[in-house]
Amino acid sequence: MTSKPHPDPPSGDYVIYSLIDGPLGVAPSTQGVVRDSVIVPTPDFYPQKFHVELVRGSDNVYEITVDGKNTVDDRSIVYARSKLSNEPAQKWVITKYQQAYRIVKLNTSLLWTDPGRVAGDVRQIRLHSPANTSLGSLSNVSPGQLFKFEVPREQKLPSGNYRIYSLVSNQPLGIQSILGYRPDVPVVEPAQPRITSRADPVVVPVPGAVSQTVGFMLRD
């Protein structure tokens, strides 16, 4: 009796890296639509976890979600769409190529494609036909159409100062002084009417604000 081959990749949570230079994430929509673009953010972006679920092992067919949203496409751009839209989850065929993977829309030849960095352009993951561009030992395969799946590393934070980022907005956290303005320009407006409590709430400041550091002390 022969054993069934193990799926590759197995179902689970992964950080998906573009073979060009960075982890994938989502860019929250600011236009009131229910879909977020899947992008390759700036290099200092905190990696997001994608959940990869095998739905048909014999054909390497998967569903891919991020932040509880299904990854779908509009025939050219890959999005993360809310499950509340009742749209069926898109199926993807994930196949291994040496030490990387290709992600192909089911029943097509269209692959997830990182277009690379273009000045002034949002680096969205697109769907393109196979491209033939050599990358060292990965001959005849475009590096923009290859991705690595890495299991997120769980680790304890050592004591020290950190910037804490919201995974919703990717903005650093800070505190809002509610006893009055600081000498420098405030990053957020004080609450109205002015509150007299001595507690300063933790907030997500406006984009572009100087991030603040937080001290952590590790205790056994």
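The values are calculated or read from the model by the stated rules, or taken from the named source; none is laboratory data. All values derive from a computational prediction rather than experimental measurement. Reconstructed Cβ throughout: ideal geometry from the backbone, glycine too, with neighbour counts over all protein chains shown. Note: areas computed on protein heavy atoms with side chains; ligands, DNA, RNA excluded. Shrake-Rupley method; radii C 1.70, N 1.55, O 1.52, S 1.80 Å.
Brief remarks on what is shown
- Each label point was placed 7 Å from the Cα along the Cα-to-Cβ direction; for SER109 and ASP67 their separation is 3.4 nm.
- Database remark: amide H of ILE125 closer than 5 angstrom to the amide H of VAL38, ILE39, VAL40, VAL78 (H placed geometrically; neighbours at sequence offset of 5 or more, or on other chains; Pro and chain starts carry no H).
- With DNA, RNA and ligands ignored, accessible area of TYR162 (1.4 Å probe; Å², nearest 10): 60
- Converting phi to 3J(HN,Hα) with the Karplus coefficients 6.51, -1.76 and 1.60 and the offset θ = phi - 60°, segment 75-81 yields 6, 9, 10, 8, 10, 10, 10 Hz in sequence order, with x at every glycine or proline.
- For segment 102-110, Karplus couplings with θ = phi - 60° (6.51, -1.76, 1.60), whole Hz, Gly/Pro x: 10, 10, 10, 5, 4, 6, 9, 10, 8
- Residue order by solvent-accessible surface for ARG153, ARG163 is ARG153, ARG163, largest first, with ligands and nucleic acids left out and a 1.4 Å probe.
- Amide H within-cut-off set for SER11, under 5 Å, with H built and near neighbours excluded: LEU54
- Proximity of backbone amide H atoms, modeled 1.01 Å from N, is registered between LYS91 and LEU106 at under 5 Å, excluding neighbours fewer than 5 places apart on the same chain.
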